[in-house]
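Asker: If you scroll down you'll find the structure; I have some questions about it.
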Amino acid sequence: MKIKEIMQVLEAYAPLPYQESYDNAGLIFGDASWEVTNVLLTLDATEEVIDEAIARGCNLVVAHHPIVFGGLKKINGRSYVERVAIKAIKHDIAVYAAHTNLDNVRNGVCAQMADMLGLERRRVLQPKSGLLKKLYTFVPQADVEKVRAALFTAGAGHIGNYSECSFNAAGEGTFRGGAGTNPYVGTPGERHFEAEIKLEVIFPVYLESGILQALLASHPYEEVAYDVVTLDNVYQEVGSGLVGELPEPMNELEFLQWVKGQFRTGCVRYTPLRGRPVKKVALCGGAGSFLLKRAIAAGADAYISADFKYHEFFDADNQIVIADIGHFESEQFTVELFYHILTEKFRNFAPLKSTIKTNPVNYL
């Protein structure tokens, strides 16, 4: 197996176009054409993790956090990032990161958190826009089902929990083939009128290449007429955070104590309790203060995330209970998610989970 095969599986699950603009997900060090000796899964690609990869015979480290966020002007070992780069390159170890792209898919990091709390009726807290496109094409009536099926197979036509969604409108197209053409219908040099179906399907942007390949391969015309437009619609399946409901309401303090145990954290920083049961819960892995207003607007009783600053706790304003459980603690089970993604696809392949606790925060 080659590294690119691992990458294809991870990116099918968490497409790179879903990452935030500031992020650096993808292959950071190494060559995608290298054969894989084994894979080490971790939250952070620290020096100790690279040492572990060397010791355990792994030449690919898959991490949640990218070890390199910005450009490196010098690589002389003066920072831990530079030392990781030197050691990984020296020992031919590739480092791959799936970060905010894995955060932003509905079955990603936040879903792991929601699973631990048993949240039901989930939805994305802040869906992203600009990630959807629509294809318009014109197909002879006799061939429309063949083309439609090919587009569905390529991934088009998904809207929420519905699949195979399309719109079809009957009309009449005209064309005249020039010299050297071999039209599917009609005669070169003569204007032809053909009963056609205008077929419309929606698809996520990262599938565009495959969608167009499927269109051209299935369409009978020599020259296929089509339009692709970018939509402003929000994509309800992709975005930051999740909100859902507990199976049964819980007392606020009991809820916080339960959350502390579930996420194995040494500390939960929380805002004043409101004296109301907790039923609806919002959450976001990692630094999630930017979603507080969204959590309040969603009617959540509690918001679980990390990295809140002192003054940001005031923003709860008795409308919600903030539970800051720690950055590492909120995302530590991403390793289990990586393991599930890879073993689900490669049944005879056993990636290794790092034994290094990379959390830089300690509790006294």
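Asker: Translational diffusion coefficient of region 195-255 at 10 °C, 1.306 mPa s, Stokes-Einstein with Kirkwood Rh over Cα pairs, in µm²/s as a whole number. Numbers along the way, then the final one.
Answerer: Working: Rh = 16.2 Å.
Taking Rh from Cα pairs, D becomes 98 µm²/s.
Asker: What residue among CYS58, VAL234, ASN318 has its Cα farthest toward the positive end of the dipole of the chain, where the charges are +1 on Lys, Arg and -1 on Asp, Glu, each on the Cβ?
Answerer: ASN318
Asker: Which residues among region 106-148 fall inside the zone where the amide N is under 12 Å from a point 7 Å beyond the Cα of ASP227, along Cα→Cβ?
Answerer: So the set is 134-138.
Asker: Indicate the gyration tensor shape class of the chain (rounded, prolate or oblate), computed on the Cα atoms with a ≥ b ≥ c the square roots of the eigenvalues: a/c under 1.5 is rounded; otherwise a/b larger than b/c is prolate and the rest oblate. Please report the intermediate quantities before stating the final value.
Answerer: Details: a/c = 2.76, a/b = 1.53, b/c = 1.81.
Taking the square roots of the gyration eigenvalues as a ≥ b ≥ c, the chain is oblate.
Asker: If you don't mind, another one. Could you size up the charge dipole of region 239-290 around its Cα centre, putting +1 on the beta carbon of Lys and Arg and -1 on that of Asp and Glu, and report it in debye to the nearest 20? Before the final figure, lay out each step's value.
Answerer: Values: 7 positive and 4 negative charges, 29 e Å.
Using Cβ point charges on Lys, Arg, Asp and Glu, region 239-290 gives about 140 debye.
Asker: Helix 334-345 sits at what angle to the longest principal axis of the chain, using alpha carbons and giving 0 to 90 degrees rounded to 10?
Answerer: In the chain, helix 334-345 runs at an angle near 40 degrees to the longest axis.
Asker: Work out Dmax and Rg for region 149-305 from the C-alpha atoms and quote the Rg first, both in angstrom.
Answerer: Every Cα atom of region 149-305 included, Rg and Dmax give 26.3, 81 Å.
Asker: Take region 239-321, drop everything but the C-alpha atoms, weight them equally and run the Debye formula without solvent; then report log10 I(q)/I(0) at 0.12, 0.23 Å⁻¹ to two decimals.
Answerer: Rounded to two decimals, the profile gives -0.30, -1.25.
Asker: Pull out a ≥ b ≥ c, the square roots of the eigenvalues of the alpha-carbon gyration tensor of region 18-62, then state rounded if a/c is under 1.5, prolate if not and a/b is larger than b/c, and oblate in the remaining case.
Answerer: Numbers: a/c = 2.72, a/b = 1.50, b/c = 1.81.
Oblate.
Asker: For region 1-75, rounded, prolate or oblate, judged on the Cα gyration tensor with a ≥ b ≥ c (square roots of eigenvalues), a/c < 1.5 rounded, else prolate if a/b > b/c? Can you show the working numbers first?
Answerer: Working: a/c = 1.73, a/b = 1.13, b/c = 1.54.
It is oblate, given that a/c is not under 1.5 and a/b is not larger than b/c.
Asker: For a bin width of 10 Å, list the pair-distance distribution of region 213-364 built from all Cα-Cα distances, rounded to whole %.
Answerer: 9, 30, 25, 17, 10, 7, 2, 0
Asker: Given the pairs LYS293/LYS353; LYS2/LYS90; LYS128/LYS357; LYS279/LYS345; LYS293/LYS357, which span a C-alpha to C-alpha distance of over 30 angstrom in this model?
Answerer: On the way: LYS293/LYS353 36 Å; LYS2/LYS90 19 Å; LYS128/LYS357 32 Å; LYS279/LYS345 36 Å; LYS293/LYS357 32 Å.
Too far apart for the 30 Å limit: LYS293/LYS353; LYS128/LYS357; LYS279/LYS345; LYS293/LYS357.
Asker: Quick check: at a probe of 1.4 Å, how many percent of the accessible area of the chain sits on carbon and sulfur atoms?
Answerer: Working: 9020 of 18260 Å².
For the chain, the apolar C and S fraction of the accessible surface comes to 49 percent.
Asker: Evaluate region 1-154: find the radius of gyration of its Cα atoms, find its Kirkwood radius, and give the ratio Rg to Rh.
Answerer: Numbers: Rg = 19.7 Å, Rh = 18.0 Å.
In region 1-154, Rg relative to Rh is 1.09.
Asker: A follow-up question, please. Could you check the simple spin-label distance between GLU5 and ALA142, using points 7 Å along Cα→Cβ, in nm with one decimal?
Answerer: Inter-label distance under the simple model: 4.3 nm.
Asker: So for the chain, taking the charge dipole from beta-carbon charges (+1 Lys/Arg, -1 Asp/Glu), which of TYR18, GLY160, GLN332 sits furthest toward the positive end?
Answerer: GLN332
Asker: Still on this model: Of ASN107, PHE29, LEU131, which is farthest towards the positive pole of the chain's charge dipole, taken about the Cα centre with +1 and -1 on the beta-carbons of Lys, Arg and Asp, Glu respectively?
Answerer: Ranked along the dipole, the leading option is PHE29.
Asker: Would you mind calculating the gained length between ASP317 and LYS353 on full extension (0.36 nm times residue separation, minus the Cα-Cα distance), in nm to one decimal? Walk me through the intermediate numbers first.
Answerer: Working: separation 36, 0.36 × 36 = 12.96 nm, distance 4.09 nm.
In short, 8.9 nm is gained.
The values are calculated or read from the model by the stated rules, or taken from the named source; none is laboratory data. Since the structure is predicted, the reported quantities are computational estimates derived from the model, not experimental observations. Don't worry about glycine lacking a Cβ; one is built from the backbone with ideal geometry, like all the others, and counts go over all protein chains shown. Protein only, heavy atoms only, side chains kept; ligands, DNA and RNA dropped before computing areas. Shrake-Rupley method; radii C 1.70, N 1.55, O 1.52, S 1.80 Å.
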